[in-house]
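Have a look at the structure below before the remarks.
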Amino acid sequence: MSPNEWIALSMIGGFLILMLIGIPVAISLAVAGFVAGLAGFGPLLFSLMPARLYGVVTNYTLLAIPLFVFMGVMLEKSRVAEDMLETIGRAMGGVNGGMGIAIILVGVLMGASTGIVGATVVTVGMLTLPTLLRRGYHPGVASATICASGTLGQIIPPSLVLILLSEILGESVGTLFAAAFVPGLAIAVIYIVYLLVLGWWKPELVPAIPKEERAAAGGMKELLRDLARSVIPPLMLVFAVLGSILGGVAAPTEAASMGALGSLVIALLARRLDFPMLKACLHSTLTITAMVYFILLCAQPFSLAFRGLGGENMVHDLFNLLPGGELGALIFLMVILFVLGFFLEWIEISYIALPMFLPVFIGYGTDMVWLGVLVAMNLQMSFLTPPFGWALFFLKGVAPPEVTTRHLYLGVLPFVGLQAMAVVLLFCFPGLATWLPDAIGW
Amino acid sequence: MLHVIHCLEGIIERLGIIARYSLLALVVLVASNVLLRYFFSISPVPLQEFEWHLISPIALLGISYALKHRADVRVDVFYDRFSPKGRALVDLLGALMTIAIAIGTAIAWLGLSYTEQSYQLMEGSPDPGGLPYRYLLKAFIPIGFAALALQGVADCLRALLTLTNRMPDASSTTSSNTKVPS
Amino acid sequence: APAIVRAESSKTYQWKMTNAYGPGSPFYVEGPGSPTDFCRKVEAMSGGRMKIQHFAAGELIPALEGFNAVASGVVEMNAGNAYFWAGKIPAAQYFTTVPFGMNTQGMNAWLYHGGGLELWHELYAPKGLIAFPMGNTGVQMTGWFRKPINTVEDLKGLKMRIPGLAGKVYAELGVAVRLLPGGEIFPALERGVIDAAEFVGPYQDRRLGLQKAAKYYYTTGWHEPTNVTELMINKAAWESLPEDLQAIVKAAAQACNVESQAWCESVNAEALNDLVENEGVTAQPLPDSVVARLKEVTEKTLTDMAAADPDTARVHESFMAFRDQHKEWAAVSEKTFLAL
Ligand code: NA
Ligand code: NA
């Protein structure tokens, strides 16, 4: 290995150590990146920094983050979300894990309206985590469910990952959207089955709302009334976002604003909108949005140094050592993407790993649509994987203090396992991805 | 020393006000652009550009604000088991690194030259009818990171006070930061 | 003496090139005559004495940051289009394409032999830059429309994705101009958020899947009758190159200029036939009345632009003088042939 490759490895090691002793994640990333980059190149490489930082803060697609966070905070402050989850819990009756399932469904709906994991995770986390904890859910299970639910947006179209992959793979965006549809829903179903099994096997981790309390809240009539009152407004918001895309009112990114506007209207109708409340809402939205941007900005020196130090050559050399033809190459690609996902952002991974390996697969005549969905699912999994999963960090940013990193890390492992299972399934049955685009002619 | 801390954080809080109102403006602006286009087929280029222009103050003035309100993300697997002194030590290290990163980023390279280059070119939007003065937008990078350095100094002083047992009230390290400004 | 010459010329140059387009984009990044092909050509022609490492958009810097990176010397070269820098150098528009200007033959004639390249260099020199044409898409398409355009009235209230100068012209005719990144064009057009979208030409558009979202494909390339790929080079770095390497860079850029356009011609021909025969696309020119109105507004827009900036005025004058002269020749030669 060249000296620079050693520096690249030390950079990753240094970052993990800083992060683990409790230095803020963003600062750990930036420090590791700056030090390694300076050691490997001197200051020249970092004169590219301003352009990269400017690129982050002028990225149009990321505009959806503050808008969705605003919607989430508004719903939280107007206590609409809390009512919704409680009512769904009641509606699920004696089924343990019911509220968890509700969260997966919310993730599917939000995923269908956006592809921004950070936005979905913080929004759903803020809205639902306190209620779940109060209801006796295990902190690990509760927060992991939210993270898993939040990453569904990566694979359920419309999705940023798929848009970028379509560009890299040379397939149309529409084809990839159609191809990801069935696998995306399949993962959601797998999560739901898992929660049902967990509820049956260890009900104390995901308890249903007690029978007495359900009875005290009234019968079927009251339940229906409460459902209408509490579930309809947030559901309408999701439909405002989704509907404005499907109805041709708004492009995917700007659709988030319909949700944000809707949440203002709901708060107004619920007579909870006043100046102090708006101010508090802006405060929370700003801190959460800035937290996400802090990490995105500080990831820039890190990924720049990784690239500049020849990190991609390291990956490439490994690839060349590999036996096993197409199958071997595919399995290796999946492993490499997964490992890179530990410490690089998915955009970097798509830029670094894919363009490098693509010629190999073009040579084998691999189905690019199938490959694209496999890659997207793999990246989604890496979002969830400890110690460095973006979804985990984003949730940590909004979780109450009693939810520790340890809770998150342990709770999310089963979901990572399920996700890996889904990747294997798609690997064995490519039809899951290729059937729909063929059937509808996209 | 407490006085210095409050002074520095007062600056961060004021910059935060700009960021908060940029956020409100963003929500209103994007929604208006969508509705204006859908109902009236009106879609001015400057207003569309203004959408993503607002991200700069939100993100760059927001990072020091988030740090002040302890909204940054950290892994607490070991941190939680450290003694208060040990945590203060990690905080001190983190704060020193924040200052280094912020100063390194803001001043040494980009700060001035990147913005200056844009100013000398009188850079505007490449789209005819787009917004002028792009250097104002770029100026948020040095301003944002300079503010981050100030917050790093405040955090540094606070950690030093804790380490030397001169922090008047242990809770003041966190409680003052988590409450919503009134 | 021969040994000394070899020692002198064995110095190798390791350069970096950034690109305004994302990884894998055909023509803009990959393919015959593309920027990556340019880097390979230079390396082969120089016998390995000049190696250029290519970085697609986002790999090193974001898409449109090449100007700053090259001007400050952090990277030596950038591939893109001059009109991306119109916010910094208003006249840069003319070195990519001019609405109702000249086609690729005329553009190349103006650049290489009509004083165009000299003007380009003159304008870029104060910024520490030099540039050469390095590719061409040929004529681009008006775009994809969900409904047919029969009169100028049909443009009023139309929501269209169209960036740049053409966007300003359409806006004058009542079009609601929407700026959208490439990836969002398909979902927006498919759902009717926009009624029309301009992208590149049949081959690239088909890759984006636009034929699934709209069926009326208008072919009058009034807004981009040609489209020059720009090779931008840091001037100090350029001057540090020995003469033979400078000649190699120039020759490789010229080779790519020819080869990329020839490649576009061939793949666009195939793609257009496929779109019409297998995808139910209607390909047709805009009605004459619409073209006439667009032309009127374009002329006024260009004149206003030239009046606002003395440099632009000079380039405008040179370009238009050449166009008017070239038009006569084109009419008796190419036009006559194409009418056969
Ligand atoms: Na999605
Ligand atoms: Na990960």
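The values are calculated or read from the model by the stated rules, or taken from the named source; none is laboratory data. All values reported here derive from a predicted model rather than from experimental measurement. Cβ coordinates were reconstructed from backbone atoms using ideal geometry, including for glycine residues, and neighbour counts include every protein chain displayed. Side chains included, ligands, DNA and RNA excluded: accessible areas come from the protein's heavy atoms. Shrake-Rupley method; radii C 1.70, N 1.55, O 1.52, S 1.80 Å.
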Checklist entry - Pick from C:ASN78, C:ASN19, C:ASN68: which is crowded, with 24+ Cβ neighbours inside 10 Å, of a type in the set (S, T, N, Q) and over 19 Å from the mean Cα position of the chain (by Cα)? => result C:ASN68
Checklist entry - Can you tell which of A:GLY55, A:GLY40, A:GLY14, A:GLY72 is of a type in the set (Gly, Ala, Ser), open to solvent by 10 Å² or more (accessible area, probe 1.4 Å) and within 23 Å of the chain's Cα centre (by Cα)? => result A:GLY55
Item to check | Selection within region C:150-189 - more than 7 Å from every other protein chain (Cβ to nearest Cβ), over 24 Å from the mean Cα position of the chain (by Cα) and not basic (Lys, Arg) | outcome: C:ASN150, C:THR151, C:VAL152, C:GLU153, C:ASP154, C:LEU155, C:LEU158, C:LEU173, C:GLY174
Checklist entry - Taking only pairs six or more apart or across chains, which ones have beta-carbon atoms under 9 Å, a first residue in region B:5-34 that is more than 9 Å from chain A (Cβ to nearest Cβ), and a second residue that is aromatic (Phe, Trp, Tyr)? => result B:ILE12/B:TYR65; B:GLU13/B:TYR65; B:LEU15/B:TYR65; B:ALA25/B:PHE50
Checklist entry - Only one of these conditions is not met by C:LYS88: (1) more than 19 Å from the chain's Cα centre (by Cα); (2) surrounded by fewer than 22 Cβ atoms within 10 Å (Cβ to Cβ); (3) more than 20 Å from C:ALA262 (Cβ to Cβ). Which number is it? => result (1)
Item to check | Residue satisfying condition, being hydrophobic (A, V, I, L, M, F, W, C), open to solvent by less than 10 Å² (accessible area, probe 1.4 Å) and within 18 Å of A:LEU63 (Cβ to Cβ), within set A:ALA267, A:ALA260 | outcome: A:ALA260
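Quick check on C:CYS264: is it surrounded by 15 or more Cβ atoms within 10 Å (Cβ to Cβ) and within 23 Å of C:ALA71 (Cβ to Cβ)?
Taking the combined requirement at face value, the residue does not satisfy it.
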Item to check | Output for region A:26-47, where each listed residue is modelled with pLDDT of 80 or more and among the aliphatic types (A, V, I, L, M) | outcome: A:ALA26, A:ILE27, A:LEU29, A:ALA30, A:VAL31, A:ALA32, A:VAL35, A:ALA36, A:LEU38, A:ALA39
Checklist entry - Can you find a residue in region A:107-119 that is modelled with pLDDT of 75 or more and within 13 Å of ligand 1 (Cβ to nearest atom)? => result yes
Checklist outcome for this item: Of B:ILE141, B:ILE99, the only residue that is within 26 Å of B:GLY10 (Cα to Cα), open to solvent by less than 10 Å² (accessible area, probe 1.4 Å) and at pLDDT 70 or above is B:ILE141
Next on the checklist: Given the condition at pLDDT below 80, within 9 Å of chain A (Cβ to nearest Cβ), open to solvent by less than 30 Å² (accessible area, probe 1.4 Å) and not in a helix (DSSP H, G or I), answer yes or no: does some residue in region B:62-72 qualify?
Outcome noted: yes
Item to check | Any chance B:LEU93 is more than 7 Å from every other protein chain (Cβ to nearest Cβ), modelled with pLDDT of 70 or more and within 30 Å of A:ARG406 (Cβ to Cβ) | outcome: no
Checklist entry - Could you say whether any residue in region C:195-202 is of a type in the set (Gly, Ala, Ser) and within 19 Å of the chain's Cα centre (by Cα)? => result yes
Checklist entry - In region A:355-442, which helices (runs of 4 or more DSSP H) lie fully inside it and hold 2 or more residues that are without any contact (Cβ under 8 Å) to a residue 24 or more places away in the chain? => result A:405-428, A:431-440
Checklist entry - Looking at A:GLY310, A:GLY328, which is the one that is away from chain B (no Cβ under 14 Å), at pLDDT below 75 and farther than 30 Å from B:LYS68 by Cβ? => result A:GLY310
Next on the checklist: Quick check on C:ILE233: is it more than 14 Å from every other protein chain (Cβ to nearest Cβ) and open to solvent by less than 10 Å² (accessible area, probe 1.4 Å)?
Outcome noted: yes
Checklist entry - With respect to C:THR298, is the statement that it is at pLDDT below 95, among the hydroxyl-bearing types (Ser, Thr, Tyr) and under 19 Å from the mean Cα position of the chain (by Cα) true? => result yes
Next on the checklist: With the structure loaded, tell me whether A:VAL423 is surrounded by fewer than 24 Cβ atoms within 10 Å (Cβ to Cβ), more than 16 Å from ligand 1 (Cβ to nearest atom), of a type in the set (Val, Ile, Thr) and farther than 30 Å from A:LEU297 by Cα or whether it fails that test.
Outcome noted: yes
Checklist entry - Can you tell me which of C:THR104, C:THR96 is within 15 Å of the chain's Cα centre (by Cα) and either surrounded by 24 or more Cβ atoms within 10 Å (Cβ to Cβ) or within 14 Å of chain A (Cβ to nearest Cβ) (or both)? => result C:THR96
Checklist entry - For C:GLY87, which of the numbered conditions (1) within 11 Å of chain A (Cβ to nearest Cβ); (2) assigned to a loop (DSSP other than H, G, I, E, B); (3) closer than 25 Å to C:VAL315 by Cα; (4) among the small types (Gly, Ala, Ser) fails to hold? => result (1)
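Look through C:VAL175, C:VAL258 and report the one residue that is under 27 Å from A:TYR60 (Cα atoms), touching a residue at least 12 places away in the same chain (Cβ under 8 Å) and of a type in the set (Val, Ile, Thr).
Answer to the selection: C:VAL175.
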Checklist outcome for this item: Taking first residues from region A:252-275 that are within 23 Å of A:VAL161 (Cβ to Cβ) and touching a residue at least 24 places away in the same chain (Cβ under 8 Å) and second residues anywhere that are among the aromatic types (Phe, Trp, Tyr) and open to solvent by less than 40 Å² (accessible area, probe 1.4 Å), the pairs with Cβ under 8 Å that are 6 or more apart or on different chains are A:THR253/A:TYR60; A:ALA256/A:PHE68; A:GLY259/A:PHE68
